[in-house]
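Notes follow the structure.
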Amino acid sequence: MTDAFKVFDKDGDGYISAKELQTALVKLGFAEGNEIGRVEMMISFVDRNHDGLVNFTEFKDMMHNVIVLR
């Protein structure tokens, strides 16, 4: 899970910003990455502390939900 987080956290600051998530989504071919507003909305769904960023705990919870809901 840590390695997956690092793929998104390009600057290594321990947080995934909207821009970092957008870049990753575009590289992975997801249409959601084409609009920053959609990316910011995605972040808002998992951003428990409302700082506009995704930390590792929030990322783990998000990934767990993605895996479980599949």
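None of the figures in this text is laboratory data; all of them are computed from the coordinates on show. If you're wondering where the values come from, they're calculated on a predicted model, not measured in any experiment. When we count neighbours, we look across all protein chains shown, and the Cβ atoms used for this are built from the backbone with ideal geometry, even at glycine.
Could you give the size of the charge dipole of the range 2-69 about its Cα centre, using +1 on the Cβ of each K and R and -1 on the Cβ of each D and E, expressed in debye and rounded to the nearest 20? If you can, show how the numbers build up before the last one.
On the way: 7 positive and 12 negative charges, 35 e Å.
Magnitude of the dipole: close to 160 debye.
What list do you get for 32, 20 if you sort them by fewest beta carbons within 10 Å? Please list the in-between numbers first.
Numbers: 32 14, 20 19.
By the 10 Å Cβ count, ascending: 32, 20.
A value for Rg/Rh (Cα atoms, Kirkwood Rh) was derived from the coordinates, and within the list (1) 0.93; (2) 1.00; (3) 1.18 it appears as (1).
For the chain, complete DSSP H runs whose alpha carbons reach 15 Å or more along their own long axis and whose mean Kyte-Doolittle score is -1.0 or higher are 36-46, 56-69. Near residue 62, once Lys and Arg are set to +1 and Asp and Glu to -1 for all other residues with Cβ below 12 Å from its Cβ, the sum equals -1. Modelled spin labels at residue 8 and residue 48, positioned 7 Å past Cα toward Cβ, are 1.4 nm from each other. Sparsely packed loop sites in the range 6-54 (the trypsin sites (Lys or Arg not before Pro) outside DSSP H, G, I, E and B with at most 14 other Cβ atoms within 10 Å) comprise 10, 48.
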